[in-house]
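FYI, it's all coordinate maths here, none of it is from the lab. Values in this document were obtained by computation on a predicted structure and should not be read as measured data. Glycine also receives a Cβ, built like all others from the backbone with ideal geometry; neighbour counts cover every protein chain displayed.
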Amino acid sequence: MSAIQLAYTSKKIGDGTKKLGELKEGDSLNIVYPLGNQYSIPNNANTLLVGGGCGVAPLLYLAKHLKEAGNKVTTLLGVRSEKDAVELDAYKEYGDILVTTEDGSFGEKGYPTQHSILEKEKFDYVFTCGPEPMMKAVAAYSAQKNIPCEVSLENNMACGFGACLCCVTETTGGNKCTCTEGPVFNINDLKW
Ligand code: FES
C-alpha cells in the first residue's frame with residue numbers, strides 16, 4: 001500500500017458517491033490505478049475542451065497539463081442549469097471558461113456545439129468528454145472544421161483489465177476494450 005495525494009470531483013447520486021463525498025483528508029481508500037490511456041498533450045496550440053455531465057470533472061486535470069505544456073486553453077462546459085455549473089473557478093486557473101445551459105439560466109442558452117465561440121475562434125485541437133450524443137456533435141464539428149479531436153468514452157466498465165469485454169467499442173482497427181485501449185480515442189479511429 002502506498003500513500004498518494006488524490007483529488008477528485010463527484011456528484012452524490014447513490015450510496016457509493018455519497019460515501020466518496022464523506023471522505024476527509026487523510027482517510028484511506030482502495031483504488032486500482034492507473035488504467036487505460038490518456039489524451040494527447042500538444043505544445044503551444046490553441047486548444048478547446050468540451051465537457052458535459054460527468055465529463056466536467058476529468059477535463060480539469062487535462063486543462064492543467066495543457067496549460068503547463070504552453071497551450072492556450074478554452075473550456076466549454078454544457079450543463080442543464082446554473083446550479084450544475086461547477087468547478088468554474090478551478091477551470092479559470094488554466095484558461096478561459098465558457099458555459100452553455102439548456103434553460104438559459106447561465107452563459108449562452110443551448111448545447112455546447114451551439115456556442116458562438118465555435119464560429120469566432122479557430123482551434124488547433126479539440127478534446128471532449130461527456131454524454132455520447134454531445135461527443136458525437138463535437139466530433140462532427142471538429143471533422144467539419146478539420147480539427148484533430150479526441151474523445152474519452154464513458155462505456156460501462158466492470159473489470160478494468162480487458163477481461164470481461166463489457167466495455168468493447170467498434171473502431172476502424174476492430175473491436176477494442178475501452179478500459180485498456182481507451183478510454184481516449186481519436187475520432188478518426190471510431191466508427192461514428
Ligand atoms: S471493463 Fe472489463 S474488459 Fe473493459
Checklist entry - How big is the gap, in Å, between the Cα center of the stretch 10-25 and the Cα center of the stretch 45-92? => result 22 Å
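Could you give the length gained on full extension between E25 and A163, defined as 0.36 nm per residue of separation minus the Cα-Cα distance, in nm?
Details: separation 138, 0.36 × 138 = 49.68 nm, distance 3.34 nm.
That works out to 46.3 nm of additional length.
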Item to check | Given charges at Cβ of Lys, Arg, Asp, Glu: the stretch 13-80 dipole, positive-most of G36, G55, G26 | outcome: G55
Next on the checklist: Within the stretch 15-94, how many Lys pairs that are eight or more residues apart, or on different chains, come under 25 Å at the alpha-carbon?
Outcome noted: 10
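Where Lys and Arg each count +1 and Asp and Glu each count -1, what net charge lies around N46 among other residues with Cβ under 13 Å from its Cβ? Show your work: numbers first, answer last.
Details: positive: K67, K72, K120, K122, K145; negative: D96, E121, D124.
Charge balance in the 13 Å sphere: +2.
Highest mean first, what order results for 172-181, 7-16 on Cβ atoms within 10 Å?
Details: 172-181: 16.1, 7-16: 10.8.
Highest mean packing first, the order is 172-181, 7-16.
Just subtract the alpha-carbon distance of K136 and Y33 from 0.36 nm times their residue separation and send over the number in nm, one decimal.
Working: separation 103, 0.36 × 103 = 37.08 nm, distance 2.77 nm.
Between K136 and Y33, full extension yields an extra 34.3 nm.
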Next on the checklist: Tell me the Rg and the Dmax, in Å, that the Cα atoms of the chain produce.
Outcome noted: 17.0, 50
Item to check | For the stretch 124-163, fraction of C-alpha pairs farther apart than 17 Å, in % | outcome: 38 percent
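Run the dipole for the stretch 1-139 about the Cα centre, Lys and Arg Cβ at +1, Asp and Glu Cβ at -1, nothing else charged, and hand back the magnitude in debye, nearest 20. Provide the component values of the computation, followed by the final result.
Numbers: 15 positive and 18 negative charges, 28 e Å.
It comes to approximately 140 debye.
With an 8 Å Cα cut-off and a minimum separation of 6 or more residues, compute the relative contact order for the chain in percent. Mind dumping the intermediate values first?
Numbers: 329 pairs, mean separation 36.4, N = 192.
Averaging sequence separation for qualifying contacts and normalising by length gives 19 percent for the chain.
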Checklist entry - In the stretch 21-96, which GluC sites (Glu not before Pro) are in a loop and have at most 11 other Cβ atoms within 10 Å, using DSSP for the loop call? => result E25
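Just flag the trypsin sites (Lys or Arg not before Pro) in the stretch 52-108 sitting in loop per DSSP whose Cβ has no more than 15 other Cβ atoms within 10 Å. Mind dumping the intermediate values first?
Values: sites: K64, K67, K72, R80, K83, K92; in loops: R80.
Here the trypsin sites (Lys or Arg not before Pro) that fit, given the DSSP loop and packing criteria, are R80.
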